[in-house]
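What follows draws every value from the coordinates through simple rules; no lab data is involved. Because the structure is predicted, anything quoted here is derived from the model rather than measured. Please note: Cβ atoms are built from the backbone with ideal geometry, for glycine as well, and neighbour counts cover all protein chains shown.
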Amino acid sequence: MESRFRGNDGYFWEAAPGDALTETAALRSPRCLNRAELPLGTVELARYLIGKTLVREHPDGITSGRIVETEAYPPGDAAGHAFRGPTPRNRVLFLERGYAYVYMAYGISFLCNVSSEEAGVGGGVLLRALEPLEGIPLMETRRHSTRLLDLGRGPGRMAAAMAIDRGCDGIDLCARGPLWLGDEPRPRRAIGRSVRIGISREVEAPLRFYERHSPFVSGPTRLRA
DNA sequence: AGTGCGATTGACT
DNA sequence: GTCAATCGCACTA
């Protein structure tokens with residue numbers, strides 16, 4: 001059994017007992033997730049999406065990455081965009097789970113969420129960081145950087161690397177198309193949990209999930225272990 | 001119609 | 001570590 005797996009940047013992943021990590025497994029084509037297999041509930045979905053694949057099919061080419069960091073914005077959360085009810089901007093958060101809600105933050109970055117509740121109930125999972133898999137040269141062009149660790153580390157950077165913008169708002173991520181969710185390219189590592197990043201309102205519950213020890217996760221070092 | 005501010009990033013001390 | 005950039009949106013009037 002392999003004891004180490006070499007990632008895209010040469011970083012070596014420690015294999016847990018029982019893992020069978022191979023490069024072949026990492027490079028196979030992902031299977032599109034069915035809506036029925038997405039767990040019910042925002043927090044459950046945020047945890048579930050760690051290790052899954054996000055695939056972007058764009059005229060310029062295909063890019064994909066492994067989701068290594070998410071945050072839950074469940075119903076009733078004052079920091080969530082759904083808190084004050086549906087508006088033209090956040091309408092996708094009120095669709096059934098598995099649709100892309102994309103908005104512009106700070107006039108600078110696009111942020112990508114996955115709707116996470118039943119139809120009519122507002123909730124979302126913010127995708128915060130991606131480990132690049134396919135289309136790395138294209139991501140480098142879009143990000144104006146060749147630093148692999150920075151291509152998808154942070155929600156705005158992730159969206160830029162994947163060319164995710166308002167045009168992706170409302171896309172069904174459970175169907176092959178311009179943007180979709182795939183299964184895991186390789187077994188997940190342990191999942192960590194922490195408070196969310198960049199939230200100034202109210203006291204924080206631990207609603208951020210991340211793949212432990214991944215160098216592609218954003219945030220302070222202590223929130224990556 | 002005007003205003004305040006944010007689920008960020010990149011540059012800089 | 002600090003800080004400015006930048007703009008769509010929700011809220012007030």
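Ranked by Cβ crowding within 10 angstrom, fewest neighbours first, how are A:70, A:53 ordered?
A:53, A:70
Mind sorting A:83, A:209 by how few other Cβ atoms lie within 10 Å of their own Cβ, fewest first?
Result, fewest neighbours first: A:83, A:209.
Go ahead and estimate [θ] at 222 nm for chain A from helices alone: -39,500 (n - 2.57) per DSSP H run with n ≥ 4, summed, over the residue count, rounded to 500.
-3000 deg cm²/dmol
Express in whole angstrom the spacing between the alpha-carbon centres of segment A:85-140 and segment A:176-225.
Centre-to-centre distance over Cα atoms comes out at 14 Å.
Just going by the charge dipole of segment A:44-146, with Lys and Arg at +1 and Asp and Glu at -1 on Cβ, which of A:72, A:107, A:122 is farthest out on the positive end?
Checked the options; the winner is A:107.
Taking springs between alpha-carbon atoms closer than 10 angstrom, which of A:93, A:181, A:148 fluctuates most in the Gaussian network model of chain A?
Highest fluctuation among the options: A:148.
Give me the extension gain from residue A:34 to residue A:146: residue separation times 0.36 nm, minus the current Cα-Cα distance, reported in nm with one decimal.
Going from the current span to full extension adds 36.9 nm.
Between beta-carbons, use under 15 Å as the cut-off and find the net charge around residue A:95, counting Lys and Arg +1, Asp and Glu -1.
-1
Given contacts defined as C-alpha pairs under 8 Å and at least six residues apart, what's the relative contact order of chain A, whole-number percent?
So the answer I get is 24 percent.
Non-local amide H neighbours of residue A:130 (under 5 Å, H modeled in plane, Pro and chain starts lacking H): which ones?
Under 5 Å from the amide H of residue A:130 lie the amide H atoms of A:68, A:152, A:153, A:154, each far enough along the sequence or on another chain.
Let me check I've understood the local charge: for residue A:85, count other residues with C-beta under 14 angstrom from its C-beta, Lys and Arg +1, Asp and Glu -1. What total comes out?
Every neighbour counted, the sum reads +1.
Given the options A:118, A:69, A:184, state which has the largest fluctuation in a GNM of chain A using a 10 Å cut-off (strictly under) for Cα springs.
For chain A, modelled as a Gaussian network with Cα springs under 10 Å, the answer is A:118.
Non-local amide H neighbours of residue A:170 (under 5 Å, H modeled in plane, Pro and chain starts lacking H): which ones?
A:100, A:101, A:102
Would you kindly calculate the translational diffusion coefficient of chain A, applying Stokes-Einstein with the Kirkwood radius from alpha carbon pairs, for 20 °C and a viscosity of 1.002 mPa s, and quote it in µm² s⁻¹ without decimals?
So the translational diffusion coefficient is about 123 µm²/s.
How large is the dipole of chain A about the Cα centre if only Lys and Arg carry +1 and Asp and Glu carry -1, each at its Cβ, rounded to the nearest 20 debye?
Dipole size: approximately 380 debye.
Cut-off is 10 Å between beta-carbons; in what order do A:77, A:150 appear when sorted fewest neighbours first?
The most exposed by this proxy come first: A:150, A:77.
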